[in-house]
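The values are calculated or read from the model by the stated rules, or taken from the named source; none is laboratory data. Treat the numbers as computed from the prediction; the structure is a model and nothing was measured. With ideal geometry, Cβ positions are generated from the backbone for all residues, glycine too; neighbour counts draw on all protein chains shown.
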Amino acid sequence: MTADRSDADTTFTTLASGVRVVCVEMPHLHTACVSVFVRSGSAHESRPLAGIGHIVEHMVFKGTRSRDARRINLDAERLGADVNAHTDKDHTAFHMRGLAPHAPQFVAMLADLVQHATFPADELERERGVLLHEHTETEDDPMGTAYRLFDHASYGLHAVARPVIGSRASIERLRCADLADWVRRQYTADNVIVAAAGAVDPQAIADAAQAAFAGMPRGPVNALTAPDWIGGIRSRRVTGSSQTHLVMGFPLSGLAQGDPRGELAATLLGEGMSSPLMDELRERRGLVYYAACAADQIEVCGEFVVEASFAPDKLDEVVREISRLLRAQADAIDPVDLERAHNQVAVRWLRAAEKPTRRLEAAALDLFAFGHVRPAAQRLAQVQALTSEQLRAFFAQLLTAPPSVAVAGSVGRALSERAQAALAPLRRP
């Protein structure tokens, strides 16, 4: 094993098995975080298997070849450690955090979960109830509903458009053999990263990973296909919601993962009470009680998104004002707004660098996308170097694509026609 450094505090190694190991040394901490990232998420799933990765995430904690569910929990808790996991569109991750001297043990415990889960049938039947309840909660959430509608408006039937949790039908249908087969095909060495941050010894982590993952089979990289952007308007009434929730956005066409223009543009338009989005929509006009802007990006696609919540009778004006603000950025960038955005991004990134879990996820996603971890100073220099003209051109290019608009909650009549009319400022040459 040969270790490489991308930063003074970051070391990464590729084991003989193909598993990669990344360590972020944060010696001022008394604790350590260890995560196992798998390059397998909901976007890798076929329609019949929609949601299987999320079910696997739940079920690996229900038993392995050597430990039952209680033993898995007890092994962590007797060390004072927290155990968690999450599934996203492009990856799944399993985490432990506890005392720094126990970090090598965390590697072994997590390796047991991702390699030796047995998916007991009785545990799966019990867990279905939890998963179905979680599915119902997501269906009852108006903003979550708006985002699901937005994904479908943007990407149609592509796997990227499907929710991570899958469908009620798939949760009820999938069986233990399906889960085991999914792990066999997806959880292979070339798709796994072991990551540790905190007061850790990189060599000890690499040795623990070598011992725990030496027998993991290799396999092809779990690739994703890029979806085509469609654009359109979707709406759904959510019973019991008295407010209207809007998600509106455009594709980040031509932007590679890690390109800072999307994040800086989103920060300029909609971060903080002095941003154009909040200043105009809330402070000056009183149209919304909440609004935000983000650039959401994975390796094969991304979206520039504006979201807002407001009274139902404000929909037309809110969409029209957002459209006007977007067009205004394509015409000219205010130097004060650019200064604010530069500093807000810098502070956000520096704060994230102080959090071990954020450092681990950023490093793992870099390794999946680029094969190396980008130095923090280089990333910060790239975003600080972006100029007003570059951001103005970014907004102008953004608005050449058809927008996707999703509305959920309290939804009035003739919504599509009204939204189309309110989008008129975007179509101005």
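Could you identify the single residue in 122, 140, 112 that is under 20 Å from residue 247 (Cβ atoms) and either touching a Ser or Thr at 6+ places or on another chain (Cβ under 7 Å) or not small (Gly, Ala, Ser) (or both)? Lay out the reasoning, then the answer.
On the way: 122 fails: under 20 Å from residue 247 (Cβ atoms); 112 fails: under 20 Å from residue 247 (Cβ atoms).
None of the others qualify; the one that does is 140.
Run down 57, 45, 77, 25 and say which single residue is among the acidic types (Asp, Glu) and without any contact (Cβ under 8 Å) to a residue 12 or more places away in the chain. Before the answer, list the steps.
Details: 57 fails: without any contact (Cβ under 8 Å) to a residue 12 or more places away in the chain; 45 fails: without any contact (Cβ under 8 Å) to a residue 12 or more places away in the chain; 25 fails: without any contact (Cβ under 8 Å) to a residue 12 or more places away in the chain.
Every option except 77 fails the conditions.
Would you confirm whether or not the stretch 151-164 contains a residue that is crowded, with 22+ Cβ neighbours inside 10 Å and within 25 Å of residue 216 (Cβ to Cβ)? Looking through the stretch 151-164, none of the residues is crowded, with 22+ Cβ neighbours inside 10 Å and within 25 Å of residue 216 (Cβ to Cβ). Evaluation of residue 287 against the conditions (1) farther than 26 Å from residue 160 by Cα; (2) touching a Gly at 6+ places or on another chain (Cβ under 9 Å); (3) in a loop (DSSP other than H, G, I, E, B) shows that the sole unmet condition is (2). Counting the residues of the stretch 14-64 that are at negative phi and either assigned to a loop (DSSP other than H, G, I, E, B) or β-branched (Val, Ile, Thr) (or both) gives 28.
Of all residues in the stretch 404-429, those satisfying the criterion of being among the charged types (D, E, K, R) and not in a loop (DSSP other than H, G, I, E, B) are 417, 418, 427. Is there a residue being surrounded by fewer than 16 Cβ atoms within 10 Å (Cβ to Cβ) and within 25 Å of the chain's Cα centre (by Cα) anywhere in the stretch 186-209? Within the stretch 186-209, none of the residues are surrounded by fewer than 16 Cβ atoms within 10 Å (Cβ to Cβ) and within 25 Å of the chain's Cα centre (by Cα).
Condition check: among the charged types (D, E, K, R) and either in contact with an Asp or Glu (Cβ under 8 Å, 6 or more places away or on another chain) or at pLDDT 95 or above (or both). Does residue 340 satisfy that? Spell out the reasoning first.
Values: among the charged types (D, E, K, R): yes; either in contact with an Asp or Glu (Cβ under 8 Å, 6 or more places away or on another chain) or at pLDDT 95 or above (or both): yes.
When the stated conditions are applied, residue 340 passes them.
For the stretch 145-189, what are the residues that are small (Gly, Ala, Ser) and part of a helix (DSSP H, G or I)? Outline the logic, then answer.
First, pick out the residues of the stretch 145-189 that are small (Gly, Ala, Ser): 146, 153-154, 156, 159, 161, 166-167, 169-170, 177, 180, 189.
The answer is 146, 153, 154, 159, 161, 169, 170, 177, 180, 189.
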